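A short worksheet on the structure shown next.
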Amino acid sequence: MKTTIDLPEEVLYRAKVVAAQRRTTLKELVIAGLQIVTDTETAKANNRAERLLATLDNGRNTVSVGPLQREEIYDRPVLRRH
């Protein structure tokens, strides 16, 4: 899919330099960077869900799970542990 993004000139220049040094394209560099960010966010969300389930398994909520996003409260599938 094609999209257009507006980057600061300095960031674009440095990205082009890194892409050239790695002998890859700017597109591949952007894809790799976005994958790192999205994988990290997914791992954080999974970790928070596991901590919440562990807390619930204890039968009382004494461990802080931190602030939850709306999606984590309402839009997530029902988690069942066996």
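The values are calculated or read from the model by the stated rules, or taken from the named source; none is laboratory data. Since this is a predicted model, take the numbers as computed values, not measurements. Reconstructed Cβ throughout: ideal geometry from the backbone, glycine too, with neighbour counts over all protein chains shown.
A few notes on this one:
- Residues satisfying the stated conditions in the stretch 1-44, i.e. among the β-branched types (Val, Ile, Thr), assigned to a helix (DSSP H, G or I) and modelled with pLDDT of 90 or more: VAL11, VAL17, VAL18, VAL30, ILE31
- Number of positions in the stretch 14-48 that are among the polar types (S, T, N, Q) and surrounded by 12 or more Cβ atoms within 10 Å (Cβ to Cβ): 2
- Candidate set from the stretch 51-75 (those that are within 16 Å of the chain's Cα centre (by Cα) and surrounded by 10 or more Cβ atoms within 10 Å (Cβ to Cβ)); member that is modelled with the lowest pLDDT: GLU72
- THR25 vs. criteria within 27 Å of GLU72 (Cβ to Cβ) and out of contact with any Leu (no Cβ under 8 Å at 6 or more places or on another chain): no
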